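Every number here is computed from the coordinates shown, using simple stated rules; none is lab data. This one's a predicted model, so the numbers in the text were calculated from it and none came from an experiment. Cβ atoms come from the backbone with ideal geometry, glycine included; neighbour counts cover every protein chain shown.
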Amino acid sequence: MPDVAPETLNRVLWKIPNVLCLIGSRAGDEWNGMTQSWVTQVSMEPVLVAISVDASAVTNRLIKEGGSFTVNLWDRADTRPFVKFSKPATKDGMTLNGRPVREGVTGAPIFDEAVAFIECTVWQTIECGTHDLFLGEVVDAGFQTEEDEPEIARMEDTRMKYGGVKRGGH
Ligand SMILES: Cc1cc2nc3c(=O)[nH]c(=O)nc-3n(C[C@H](O)[C@H](O)[C@H](O)COP(=O)(O)O)c2cc1C
């Protein structure tokens, strides 16, 4: 741990602007959606998008087994789903927590209500302590709204926090 008070480290790290989105994952009959904030593009050629996923999350296992994931960008005006998707989701027919999904080209779920989506196959996985960094090669992407410039949800639109130092670890 750096020689910085954990509270300070948290407050500084929480200042990093982050998106708030849902990750879709699937291995066979097991599907999941998960609230995610650590997402960024990391290469232009190939086009790679990285997500860092807790090693103990269901999503982590499904991405490893399924070899793909989707990033579902959400309307900024509707941050309600993020609370429910911070626990493993319930699948009922072609819905996750009651929200309709369809299969992307890799078989991973894309949320019909997402304003935009990015679908990736796993290009490389890097173990990063508590998390695994999945570098995903983009295989599909698109908008699902009529709006020209939709505003997408960000961490600062909610009172939720993620990251900083591990709770109980100080
Ligand atoms: C606002 C918010 C942001 C989150 N961001 C991430 C993230 O970037 N990476 C991660 O591994 N978990 C993140 N989580 C935690 C997961 O959503 C949570 O651990 C979930 O239970 C794990 O999902 P799963 O076991 O259903 O796959 C976040 C949670 C919240 C509430």
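Name the residues in segment 16-46 that are farther than 21 Å from A153 by Cα and either within 12 Å of the ligand (Cβ to nearest atom) or surrounded by 16 or more Cβ atoms within 10 Å (Cβ to Cβ) (or both), would you? R26, A27, E30, W31 - these are the residues of segment 16-46 that are farther than 21 Å from A153 by Cα and either within 12 Å of the ligand (Cβ to nearest atom) or surrounded by 16 or more Cβ atoms within 10 Å (Cβ to Cβ) (or both).
Within segment 66-91, being β-branched (V, I, T) and surrounded by 23 or more Cβ atoms within 10 Å (Cβ to Cβ) holds for T70, V71. Of the residues E119, E7, the single one that is touching a residue at least 12 places away in the same chain (Cβ under 8 Å) and either among the acidic types (D, E) or farther than 19 Å from A153 by Cβ (or both) is E119. Between T90, T79, T59, the distinction of being among the hydroxyl-bearing types (S, T, Y) and farther than 20 Å from T158 by Cβ belongs to T90 only.
Annotation: of all residues in segment 46-71 being within 14 Å of the chain's Cα centre (by Cα) and β-branched (V, I, T), the one that is farthest from F117 (Cα to Cα) is V58. Against the test of being of a type in the set (S, T, N, Q), within 16 Å of the ligand (Cβ to nearest atom) and either under 16 Å from the mean Cα position of the chain (by Cα) or buried (at least 16 other Cβ atoms within 10 Å of the Cβ) (or both), the options T121, T106, T125 yield a single qualifying residue, T125.
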